[in-house]
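K.L.:
Encoded as structure tokens, here's the structure I'll be asking about.
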Amino acid sequence: MASTKLKTGDNVVVITGKNKGKQGKILIVDRKKGRVLVEGVNMVSKHQKPNAQNQQGGIVKKENYIDASNVMYLHNGKATRIGAKIEDGKKFRIAKSTGEVID
């Protein structure tokens with residue numbers, strides 16, 4: 001699987017699929033399988049038995065993974081690709097559209 005330049009905590013927008021246009025923050029990045037868990041995107045219903053944490057049980061709505069290729073980084077409210085830049089031996093992520101350093 002190709003590596004992704006996305007990190008946990010990045011704000012992204014979904015660019016394709018049933019959730020196209022939705023925005024959210026990345027909660028988990030699974031680099032091995034090439035997918036991400038985005039807050040409020042790709043919600044699924046999970047039937048849950050009663051347990052110690054959830055006495056009632058019932059149907060719970062939660063996020064499901066989405067392929068990393070279906071999201072783009074949000075920089076200043078616009079979707080952009082991410083590049084890398086090395087200065088003084090340190091590596092930085094940059095927004096390809098503006099050339100600004102992300103972190």
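Bear in mind these aren't lab numbers, they're just calculated from the coordinates by the rules spelled out. Worth saying up front: this structure is predicted, and the values here are computed from it rather than measured. As a convention, Cβ positions derive from the backbone with ideal geometry for all residues, glycine included, and neighbour counts pool all protein chains shown.
K.L.:
Please compute the net charge surrounding residue 13, taking Lys and Arg as +1 and Asp and Glu as -1 over other residues with Cβ under 13 Å from its Cβ.
P.N.:
With Lys, Arg at +1 and Asp, Glu at -1, the net is +3.
K.L.:
Sequence-distant or interchain residues sharing an amide H contact under 5 Å with residue 102, placed H: which?
P.N.:
93, 94, 95
K.L.:
Could you tell me the relative contact order of the chain? Use alpha-carbon pairs under 8 Å, at least six residues apart, and round to a whole percent.
P.N.:
Once normalised by length, the contact order is 21 percent.
K.L.:
Find out how many positive minus negative residues lie around residue 99, taking Lys and Arg as positive, Asp and Glu as negative, among other residues whose Cβ is under 12 Å from that of residue 99.
P.N.:
Result for the local shell: +3.
K.L.:
Please give me the summed charge of the neighbours of residue 57: other residues whose Cβ is under 13 Å from its Cβ, Lys and Arg +1, Asp and Glu -1.
P.N.:
+2
K.L.:
Oh, and also: Determine ³J(HN,Hα), in whole Hz, for all residues of region 89-94 in sequence, where each value follows from phi through the Karplus function 6.51 cos²θ - 1.76 cosθ + 1.60 and θ = phi - 60°; x replaces Gly and Pro.
P.N.:
With the stated coefficients, region 89-94 comes to x, 10, 9, 10, 8, 10 Hz.
K.L.:
In square nanometres and to one decimal, what's the mean projected area of the convex hull around the Cα atoms of region 2-59? Write out the running numbers ahead of the final one.
P.N.:
Details: hull surface 21.9 nm².
If you wrap the Cα atoms of region 2-59 in a convex hull and average its projections, you get 5.5 nm².
K.L.:
For the chain, what is the largest minus smallest coordinate of the Cα atoms on each principal axis, given in angstrom and ordered from greatest to least?
P.N.:
56, 28, 25
K.L.:
Something else about it: Using the beta-carbon distance between residue 53 and residue 32 and R0 = 22 Å, what value does 1/(1 + (r/R0)^6) give for FRET efficiency, to the nearest 0.05?
P.N.:
In this case the efficiency is close to 0.20.
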